[in-house]
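A.B. asks: One structure, pasted below without further comment.
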Ligand code: ADP
């Protein structure tokens, strides 16, 4: 059972690499951002309640996101999982650790993908051209997401560093180069 958190600022390439890693290591993959977008697209009550946060580039409330992950894990627990975009606050990380330990599991490693800020903005704007994501279209919203990351999410690295489960890699390079760096960490 291998549980991996892919961690980094918006646009660092977590989503792309998470999909590849899940396939390569035969793991589940949950992106909380994708779950939220699918709730919004389906017009559910939950989706409606989260639309505002997403479009402003703010975080959704911890309790809602944690419940989404808990629900996912109740049916995806026969093998490990890549967590992409979660946990994003220390509060989420604390509940998450507890949730895993209650089922005899744990976070094995958090891997941070380091990408310079100007590259992040460039990548997200490019993605926004065809992703149709409302939060990818405006540079102001993108900058706000990066600011929220700095203010609320970056500290989650300390949480896992204290547990000796934190590794950083250089996220700048081709998709194959970054994938190889991630595999090197996981294979260890
Ligand atoms: P990105 O990493 O490019 O920001 P995501 O798809 O991971 O893209 O997230 C998109 C948005 O979804 C975030 O800006 C935030 O509003 C919301 N979101 C995703 N995951 C979480 C989470 N764990 N906690 C709170 N909000 C979240």
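A.B. asks: Could you tell me whether any residue of the range 68-82 is in contact with a helix residue (DSSP H, G or I) (Cβ under 8 Å, 6 or more places away or on another chain), under 22 Å from residue 128 (Cβ atoms) and not in a helix (DSSP H, G or I)?
C.D. replies: Taking every residue of the range 68-82 in turn, none turns out to be in contact with a helix residue (DSSP H, G or I) (Cβ under 8 Å, 6 or more places away or on another chain), under 22 Å from residue 128 (Cβ atoms) and not in a helix (DSSP H, G or I).
A.B. asks: Take the residues in the range 43-60 that are over 15 Å from residue 145 (Cα atoms) and assigned to a loop (DSSP other than H, G, I, E, B), then tell me which one is farthest from the ligand (Cβ to nearest atom).
C.D. replies: Selected residue: 43.
A.B. asks: Could you check how many residues of the range 61-105 are at positive phi and either away from the ligand (no atom under 12 Å from the Cβ) or free of Cβ contacts under 8 Å to residues at least 12 places away in the same chain (or both)?
C.D. replies: Looking only at the range 61-105, we keep the residues that are at positive phi, and these are 85, 104.
From what's left, either away from the ligand (no atom under 12 Å from the Cβ) or free of Cβ contacts under 8 Å to residues at least 12 places away in the same chain (or both): 104.
Going through the range 61-105 one residue at a time, the tally reaches 1.
A.B. asks: Further question: Wholly within the range 94-152, which helices (runs of 4 or more DSSP H) include no fewer than the required count, namely at least 1 residues that are within 17 Å of the chain's Cα centre (by Cα) and surrounded by fewer than 19 Cβ atoms within 10 Å (Cβ to Cβ)? Walk me through it before giving the result.
C.D. replies: Values: elements: 117-131, 134-137, 139-148.
In the range 94-152, 117-131, 139-148 are the helices (runs of 4 or more DSSP H) which contain 1 or more residues that are within 17 Å of the chain's Cα centre (by Cα) and surrounded by fewer than 19 Cβ atoms within 10 Å (Cβ to Cβ).
A.B. asks: Next question. In the range 1-42, which residues are away from the ligand (no atom under 12 Å from the Cβ) and under 13 Å from residue 133 (Cα atoms)?
C.D. replies: Once the filter is applied, which keeps residues that are away from the ligand (no atom under 12 Å from the Cβ) and under 13 Å from residue 133 (Cα atoms), the range 1-42 yields only 41.
A.B. asks: Filter the range 164-178 for residues that are part of a loop (DSSP other than H, G, I, E, B) and farther than 15 Å from residue 112 by Cα and give the result. Spell out the reasoning first.
C.D. replies: Looking only at the range 164-178, we keep the residues that are part of a loop (DSSP other than H, G, I, E, B), and these are 164-165, 171-174.
174, the sole residue that qualifies.
A.B. asks: Right, here's the next one. Please go through the range 5-31 and give me each residue that is crowded, with 19+ Cβ neighbours inside 10 Å, without any contact (Cβ under 8 Å) to a residue 60 or more places away in the chain and closer than 23 Å to residue 145 by Cβ, ordered by number.
C.D. replies: Within the range 5-31, 29, 30, 31 qualify.
Here, each number is a calculation from the coordinates, and none is a lab measurement. Keep in mind that what you see is a predicted model, and the values were worked out from it rather than measured. Note: ideal-geometry Cβ built from the backbone for every residue, glycine included; neighbour counts use all protein chains shown.
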